[in-house]
Amino acid sequence: MRVSAFVASMSVAIAALVPAAGPAGADTVPAMGSFTMTTAPGILPAWSASNITIIGVAPASVTTSRFSSDATITMPLVAKNGTANASAGGFRVTNTESGDSFRCLIPVVDTRARVIDCLTDAGYNLTVFSIEEIDDRQTLTTSSTRTTIFEGMEIRLTASGASMLNRELDTTVFSTSVAVADGTLLVRRAR
């Protein structure tokens, strides 16, 4: 019963982000899989030098490499509506010096619109990231499931995302001029 309620809440989140054909959320289906973002070379050291850290919001997680050269955010998927895929949890970016933070909750990855939206602490959705390119797409179909894999997603901050992060975290480290992460999206749903 808890899973049904969770999927229902995710359906509402996706319906708010994606214009559905017909009644709101009518095309939202449960999904499994994951979305991962690994910071691009030089990003994590630059953030660290500016006292910026990134932490997972459960059930998502953040893993830092052995020498702290990159961080990987892994978020489980829970629902799908067209090309929009809703994850669970999210991540928090914090300025450890000032204590200011920004939470990106239930990120929705839309592969057609090539954006990643976050639900903010203030309760509104914000397109924080853009997907500049997708290197590879594969689809695997069985009698009961359809799995789609997107690899080599070049992820950059949007102008509004960089501006908001700089303002909220009292820094100037965030920019649209460089790729911030490489992403992989694996989506599995029933046929």
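No lab work stands behind these numbers, since they all come straight from the coordinates. This one's a predicted model, so the numbers in the text were calculated from it and none came from an experiment. As a convention, Cβ positions derive from the backbone with ideal geometry for all residues, glycine included, and neighbour counts pool all protein chains shown.
Region 92-132 and region 54-90 have Cα centres spaced 11 Å apart. As a calculated quantity, the FRET efficiency between T83 and R167 at R0 = 41 Å, using C-beta atoms, amounts to about 0.85.
To test your reading of the geometry: what angle, between 0 and 90 degrees and rounded to tens, separates the Cα axis of helix 2-17 from the longest principal axis of the chain? On a 0 to 90 degree scale, this one is about 70. Among residues other than V62 with Cβ under 14 Å from its Cβ, the summed charge is +1 (Lys and Arg +1, Asp and Glu -1). Normalised radius of gyration (Cα atoms, divided by 2.2 N^0.38 Å) for region 2-190: 1.01. For the chain, the longest principal axis of the Cα atoms and the long axis of helix 159-168 meet at an angle of about 50 degrees. May I ask you to list the residues of region 43-78 whose amide nitrogen lies under 17 Å from a point 7 Å from Cα along the Cα→beta-carbon direction of A179? Correct set: 43-45, 70-73. Largest GNM mean-square fluctuation across A159, A49, A58, computed for the chain with C-alpha springs under 10 Å, falls on A49.
Taking the Cα centre of the chain as origin and assigning +1 to Lys and Arg Cβ atoms and -1 to Asp and Glu Cβ atoms, the resulting dipole is close to 740 debye. Stretched out fully, how many nm does the piece from S61 to S160 gain, at 0.36 nm a residue minus the Cα gap? Separation in residues times 0.36 nm, less the Cα-Cα distance, equals 33.2 nm.
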